[in-house]
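Report on the structure given below.
The values are calculated or read from the model by the stated rules, or taken from the named source; none is laboratory data. Computed from a predicted structure; not experimentally measured. Ideal geometry is used to build each Cβ from the backbone, glycine not excepted, and the neighbour counts take in all protein chains shown.
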Amino acid sequence: MPSNAEPAQQDYYLTVSGCIIPGSTVILYSRQSTLSQTTAWFLKSGIHYRPVHSLPVSNNAIKLMLPNEHALNTDGSFGVFYKPQYDHDYQSAQIEISFCHQEQATQPSNGELVIMAVNEELPDMLLYFSELGVVVIEQQWLEKLAMQLIRIEPDADTARKLLKQFNSRFPSSAIDENHYYSQTEASRHYAKQQVHWPEKKVCAALDFSSLRVGLIDSLVDTTHPHLKYANIQMGHFADLQDHATEHATALSLILVGEDDIGVSPAGLVQGATLYAAAVMEKTAKGPAATVSAMVKALDWLLVNHVRLINLSLAGQTPNRVLGRSILAANRQGALIFAAAGNDKRTDTLAYPAAFENVYAITAIDARSHLYSYANQGDFIDFSAPGVDIWITSRDGRGSYVSGTSYASPYAMAIAGFYVNRNASISRDVLYQTLKATSTDLGIIGYDPSYGWGLPTLAEISCH
């Protein structure tokens, strides 16, 4: 590696595009013959250089372990720099990294309020809004949830009044801010073996052609080489659609991706129909989903008879409208799996995972150790593989991704194995089945880090 001259542009490159999740691991490649193991790597912001831990992968590739979000104290892009041993000068790799905002915050969507209204209270409610001078900007009947979704945008004083008085006036309906919920991402091929997933050629039970699974996330790149023949039905529910596809595409590959020996493992429920609801929109703090978009997506999945639903999104507010919608979906038979979140918190619940009757999934690595940034608490139900999961890129390469986002579809796929055998299985029976087949992790029995442990498929499952 040269020590006295800045490398020519394009000498170094990453295989990932777009923003990168804080705490992620990325592979940096060099078009030069070798990368020295004694070279130190840094991220530069302003005049400051932050060291980045690196590990060699091959002669021309290194793994960079990026800092987590709490260690980042600035917005914008970071330049990648290196400093060879015995050299005092930082040299640019001509690479800029932009971090995705992973704040699991609960910011209102432009001051909007969202309401789930029962029909009996709707006439008086609309009259009340009119008296307050509040304009309804959206009203939609949700067929399966059997309620009206209403969005309004009152001034700040009226919003405070509504939030305070609404429940006493309309006790059967729910109101809350139209909060944003963010994606919870942060391969090795260990994950299938870890959950004892059988080989398709020796397990006839892996015919998922009649199974439907749902995903509420971002857009999916259905032209990806390993998804182009998958049966994916898209629904669009965001007002200002964010066009990033990396997150939902990765989840789709885990679920229904086509296998390519030595390159990409087959999706867990390959052959199933995936109903993908795009709810992420562009915001000042990165892609996020409003409650109203998530609720409409949930109803769409139920209309299409989808029971298994994955939500790899999280926020810290127990939004009443979202909670009411999930309760209604549960009554319709929905089995909702949600990521526990990656804020490394033990004192705050993450939603929707912490809502009652939602399967809250945390992430573990190949050694069954807890993902270092996973939230913990008594809302955690189960653990699943979610650290260093290999996701194939369009160009046939790929990258390792980590986060509770990627654990949730693994747990849902195991549930899908049982739903595929018994389409009417109840949530209670499914929960007890997953609990009974879980490998205990952490302290004996239930614990707030791993929940009941790692659900696995026993060999008898194929017979």
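Output the residues belonging to region 106-133 that are among the polar types (S, T, N, Q) and at pLDDT 90 or above.
If the condition is that a residue be among the polar types (S, T, N, Q) and at pLDDT 90 or above, then Asn119, Ser130 are the ones that fit.
Among the residues that make up region 66-75, is at least one of them within 30 Å of Ala288 (Cα to Cα), aliphatic (A, V, I, L, M) and at pLDDT 80 or above?
Looking for residues that are within 30 Å of Ala288 (Cα to Cα), aliphatic (A, V, I, L, M) and at pLDDT 80 or above, one finds none in region 66-75, hence no.
From the list Gly341, Gly333, pick out the single residue that is more than 15 Å from Phe237 (Cβ to Cβ), buried (at least 20 other Cβ atoms within 10 Å of the Cβ) and of a type in the set (Gly, Ala, Ser).
Gly341
Suppose we keep only residues that are touching a Ser or Thr at 6+ places or on another chain (Cβ under 7 Å) and under 19 Å from Gln94 (Cβ atoms) within region 47-62. Which one would you say is modelled with the highest pLDDT?
For region 47-62, the residue satisfying everything is Ile62.
Out of the residues in region 139-162 meeting the condition of being surrounded by fewer than 16 Cβ atoms within 10 Å (Cβ to Cβ) and at pLDDT 90 or above, tell me which one is nearest to Asp176 (Cα to Cα).
Applying the filter and picking the extreme gives Lys161.
Going residue by residue through region 172-186, is there one that turns out to be surrounded by fewer than 20 Cβ atoms within 10 Å (Cβ to Cβ), in the same structural domain as Ala278 (by TED's automatic domain parsing) and modelled with pLDDT under 85?
No: region 172-186 contains no residue that is surrounded by fewer than 20 Cβ atoms within 10 Å (Cβ to Cβ), in the same structural domain as Ala278 (by TED's automatic domain parsing) and modelled with pLDDT under 85.
Is it true that Val136 is modelled with pLDDT of 80 or more, of a type in the set (A, V, I, L, M, F, W, C) and surrounded by 16 or more Cβ atoms within 10 Å (Cβ to Cβ)?
So Val136 does not fit the description; no.
Against the definition (farther than 23 Å from Val295 by Cα, assigned by TED's automatic domain parsing to the domain that holds Gly398 and within 16 Å of the chain's Cα centre (by Cα)), how does Leu227 come out, yes or no?
In short, no.
Within region 224-242, can you find the residues that are outside any loop (DSSP other than H, G, I, E, B) and in contact with an Asp or Glu (Cβ under 7 Å, 6 or more places away or on another chain)?
Gln241 - this is the single residue of region 224-242 that is outside any loop (DSSP other than H, G, I, E, B) and in contact with an Asp or Glu (Cβ under 7 Å, 6 or more places away or on another chain).
Taking only region 243-255 into account, find how many residues are touching a strand residue (DSSP E or B) at 6+ places or on another chain (Cβ under 8 Å) and in a loop (DSSP other than H, G, I, E, B).
The total comes to 1.
Quick one: count up the residues across region 9-46 that are modelled with pLDDT under 65 and closer than 16 Å to Pro84 by Cα.
Total satisfying the criteria: 1.
Looking at region 279-311, which of its residues are modelled with pLDDT of 95 or more and on the phi > 0 side of the Ramachandran plot?
His305
Mind checking whether some residue in region 259-275 is of a type in the set (S, T, N, Q), out of contact with any Lys or Arg (no Cβ under 8 Å at 6 or more places or on another chain) and either modelled with pLDDT of 90 or more or farther than 27 Å from Leu206 by Cβ (or both)?
The answer is no, given that none of the residues of region 259-275 is of a type in the set (S, T, N, Q), out of contact with any Lys or Arg (no Cβ under 8 Å at 6 or more places or on another chain) and either modelled with pLDDT of 90 or more or farther than 27 Å from Leu206 by Cβ (or both).
In region 41-64, which residues are in a strand (DSSP E or B) and of a type outside the set (A, V, I, L, M, F, W, C)?
Result: Lys44, Ser45, His48, Tyr49, Arg50, Pro51, His53, Ser54, Pro56, Ser58, Lys63.
Out of all the residues in region 391-410, which are more than 18 Å from Ala339 (Cα to Cα) and in a loop (DSSP other than H, G, I, E, B)?
Ser393, Arg394, Asp395, Gly396, Arg397
If I filter region 289-299 for residues that are buried (at least 17 other Cβ atoms within 10 Å of the Cβ), touching a Phe, Trp or Tyr at 6+ places or on another chain (Cβ under 6 Å) and either among the charged types (D, E, K, R) or not assigned by TED's automatic domain parsing to the domain that holds Ala423 (or both), do I get at least one hit?
yes
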